[in-house]
Ligand SMILES: Cc1cc2nc3c(=O)[nH]c(=O)nc-3n(C[C@H](O)[C@H](O)[C@H](O)COP(=O)(O)OP(=O)(O)OC[C@H]3O[C@@H](n4cnc5c(N)ncnc54)[C@H](O)[C@@H]3O)c2cc1C
């Protein structure tokens, strides 16, 4: 592996997930040496385990966090607002693989939805036109099924219930994807053996993750200095205000320094804004890249909820791909339903271990155990839709709580917007109707899990006063500071975010590579 | 797993859930509270009342109760909480109540630290028990057995085989502007009226 001297001013990438891993590959592929600092370990498929709590304990980000706001997660999981991964590959190691694109108007929700009270909607500085090619590149990297001539995954049991119900209630737009796990061998990865456990890291390697594709390929270029177990705690800058290095804790909690000519922040929507805030200085008393005051604001987590239904015959939903079932009929903005934006329905299966904890956090008694007892006969789906950005939903530094290094822990504040609540209620009703149409004998409205989609806390904007980064992912304030993860999303759309995060990172990577080659940085 | 993870979830109801996963090495904890036979029986009755499964044998409930006791002794504060909870059950004659009465009783108890400790530990430990997985028909670990591709991932036969491909109109549906879409909806609605 490449060794870059700590005193050499390098291109430094913080995080190796969807955004960071993709940046590392784009830059090294273009001949640019990089240091990638990743807080977690480098785990390989043989380290992954088919055990829900085991995998969670192995990889989830469990550093100290606090919560506030009216969302139920703050009550159910006050110290665990998110489900994110601390490992090489980031949360793509645990992701399922749903890869829808944004629709054109979802880049322009302020113009499309109009003013919605309490929402800080803003149009993106880019649209589907600029993104189309990058979406194709990202789909080809991920190997999205149903796209680029790639085959569809077969119907598993959970999908059979879902698709039949969808058809019964008059939906048309259901299918087993697009999904980031191979139906047939593709790009060096084998076809799915329907082994489930996508949320636990895919041992079979059929699922795309940056740990499986981008990071190994970046290492193969000979230009990547990957440092796992390296947790960045501060970005430093020179007298002119440009960033010039990072401080990080190594595995033995020793403080290390790496000089930098460019810093790319890709730590996800909680840690990226937190790091910018932690990097405050005399020159930047409110944190880096924060002249707009928008760092940490407009935190989005998607409208979510799950519906589990019990039947009188076996389903065995856990066999096969975790989420390979998709329905788009409710995704279009149609204010007649009583809310703005739309949502997808996606099949979802969790094992008894997670079901016990997540079906109804705090729940007990006969009704609860009837569902658990019928585990074999359960089918399940996840509801995921656009939530309204709000200025005060934000990541701040806690005044009291500290992480393992004694640094202020992030507080995640989230109040649900009435639009989010109206959409969830509507979605639950529709999901119940779908399952009832195929004979459900009990249905359960499961509340949101700790957030798996975390977006918007360093939003992209045309004007410097409205956001943190420009349309290339470059911070408005500091010309050699870039952000490449879910935090740059101006608004969240209904789509699962990772395809868009990856497409944006490819775009930012190409731009940064060309700027570096032209000596513009 | 390190002791510090025990505290990563604290709050109204979740402390114990996560305590049961990563907290202490039970072998090293000094067990005091709840170790008497009658105390154990009381706790096991509470565990069963909270999560009743008629077809579960005693085994999973015994293991879960042991875990409730182990984790309840993870610190002096916890041991006090556990002992006080047990004493309360005793003085309220919990052992004499039938299923309906004991359910009512636990409902009234509210979310005390003791209640949440027993409930939270149980919801994780009971449903993470391998014998329970078997009882529920969950096969778990699958990669080492070649996945489910040849072991019934698509064996559901009480519904017709659905389409797996996307509907041919999907791309048009997604690219339609929402105004146009709303207009079409209105046209359809008018047509139907
Ligand atoms: C169970 C689950 C299922 C999901 N399913 C889907 C799906 O079907 N479709 C979809 O689109 N999305 C899905 N997601 C979401 C998807 O995983 C995330 O959107 C995506 O990985 C986010 O990319 P990112 O680059 O923003 O951050 P991440 O992938 O989280 O990467 C951030 C990385 O930065 C590292 N890091 C953070 N701070 C520091 C620091 N200070 N120093 C060094 N390193 C640091 C972290 O350890 C991590 O490795 C799922 C997520 C989960 C948990």
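The values are calculated or read from the model by the stated rules, or taken from the named source; none is laboratory data. Note that the structure is a prediction, hence the values are computed from the model and not measured. All Cβ positions, even for glycine, are placed from backbone atoms using ideal geometry, and neighbour counts span all protein chains on display.
Odds and ends about this structure:
- Segment A:259-288, subset away from the ligand (no atom under 11 Å from the Cβ) and within 24 Å of residue A:401 (Cβ to Cβ), residue surrounded by the fewest Cβ atoms within 10 Å (Cβ to Cβ): A:285
- Those residues of segment B:155-167 which are crowded, with 19+ Cβ neighbours inside 10 Å and either more than 17 Å from residue A:439 (Cβ to Cβ) or more than 7 Å from every other protein chain (Cβ to nearest Cβ) (or both), in sequence order: B:164, B:166
- Segment B:49-63, subset within 11 Å of chain A (Cβ to nearest Cβ) and part of a helix (DSSP H, G or I), residue nearest to residue A:364 (Cα to Cα): B:50
- Across segment A:131-150, the qualifying residues are those that are out of contact with any strand residue (DSSP E or B) (no Cβ under 9 Å at 6 or more places or on another chain) and without any contact (Cβ under 8 Å) to a residue 60 or more places away in the chain, and the one among them that is surrounded by the fewest Cβ atoms within 10 Å (Cβ to Cβ) is A:149.
- Breaking point among (1) more than 20 Å from the chain's Cα centre (by Cα); (2) touching a residue at least 40 places away in the same chain (Cβ under 8 Å); (3) surrounded by fewer than 24 Cβ atoms within 10 Å (Cβ to Cβ), for residue A:166: (3)
- Residues satisfying the stated conditions in segment A:57-96, i.e. assigned to a helix (DSSP H, G or I), within 8 Å of chain B (Cβ to nearest Cβ) and within 16 Å of the ligand (Cβ to nearest atom): A:57
- So residue A:24, is it within 13 Å of the ligand (Cβ to nearest atom), surrounded by fewer than 23 Cβ atoms within 10 Å (Cβ to Cβ), part of a helix (DSSP H, G or I) and touching a residue at least 60 places away in the same chain (Cβ under 8 Å): no
- Exactly one residue out of A:109, A:99 is in contact (Cβ under 8 Å) with a residue 12 or more places away in the chain and within 15 Å of the ligand (Cβ to nearest atom): that is A:99.
- Residue in segment A:491-500 that is more than 13 Å from the chain's Cα centre (by Cα) and under 30 Å from residue A:284 (Cα atoms) present: yes
- Test for residue A:238: is it away from the ligand (no atom under 16 Å from the Cβ), within 17 Å of residue A:395 (Cα to Cα) and surrounded by fewer than 24 Cβ atoms within 10 Å (Cβ to Cβ): no
- Residue A:277 in a strand (DSSP E or B) and modelled with pLDDT of 95 or more: no
- Considering residues of segment A:507-521 that are free of Cβ contacts under 8 Å to residues at least 40 places away in the same chain and under 18 Å from residue A:265 (Cβ atoms) only, the residue nearest to the ligand (Cβ to nearest atom): A:511
- Residue list for segment B:64-104, filter: assigned to a loop (DSSP other than H, G, I, E, B), more than 24 Å from residue A:366 (Cα to Cα) and out of contact with any helix residue (DSSP H, G or I) (no Cβ under 8 Å at 6 or more places or on another chain): B:75
- Close pairs from segment A:473-498: first within 14 Å of another protein chain (Cβ to nearest Cβ), partner within 12 Å of the ligand (Cβ to nearest atom), Cβ under 6 Å, at least 6 apart: A:493/A:102; A:494/A:344; A:495/A:100; A:495/A:102
- Residue within segment A:56-73 that is free of Cβ contacts under 8 Å to residues at least 12 places away in the same chain, more than 18 Å from the chain's Cα centre (by Cα) and more than 22 Å from residue A:179 (Cα to Cα) present: yes
- Residue satisfying all of: in segment A:484-506; part of a loop (DSSP other than H, G, I, E, B) and within 10 Å of the ligand (Cβ to nearest atom); surrounded by the most Cβ atoms within 10 Å (Cβ to Cβ) among these: A:484
- Scanning segment A:436-466 for residues that are within 14 Å of chain B (Cβ to nearest Cβ) and within 13 Å of the ligand (Cβ to nearest atom) turns up A:449, A:450.
- Members of segment B:127-148 found to be facing chain A (nearest Cβ under 7 Å) and touching a residue at least 40 places away in the same chain (Cβ under 8 Å), listed by number: B:132
- Residue match in segment A:284-304 (condition: facing chain B (nearest Cβ under 10 Å) and in contact (Cβ under 8 Å) with a residue 24 or more places away in the chain): no
- Residue ID - nearest to the chain's Cα centre (by Cα), chosen from residues in segment A:328-343 that are buried (at least 24 other Cβ atoms within 10 Å of the Cβ) and more than 10 Å from every other protein chain (Cβ to nearest Cβ): A:343
- Enumeration of residues in segment B:120-150 that are under 17 Å from residue A:156 (Cα atoms) and part of a helix (DSSP H, G or I): B:143
- Inside segment A:97-130, residues that are within 12 Å of another protein chain (Cβ to nearest Cβ) and either assigned to a loop (DSSP other than H, G, I, E, B) or surrounded by 24 or more Cβ atoms within 10 Å (Cβ to Cβ) (or both) make up a count of 8.
- Among the conditions (1) surrounded by fewer than 17 Cβ atoms within 10 Å (Cβ to Cβ); (2) part of a helix (DSSP H, G or I); (3) near the ligand (Cβ under 10 Å from one of its atoms), residue A:46 misses just one, which is (3).
- Test for residue A:309: is it within 16 Å of the ligand (Cβ to nearest atom) and surrounded by 24 or more Cβ atoms within 10 Å (Cβ to Cβ): no
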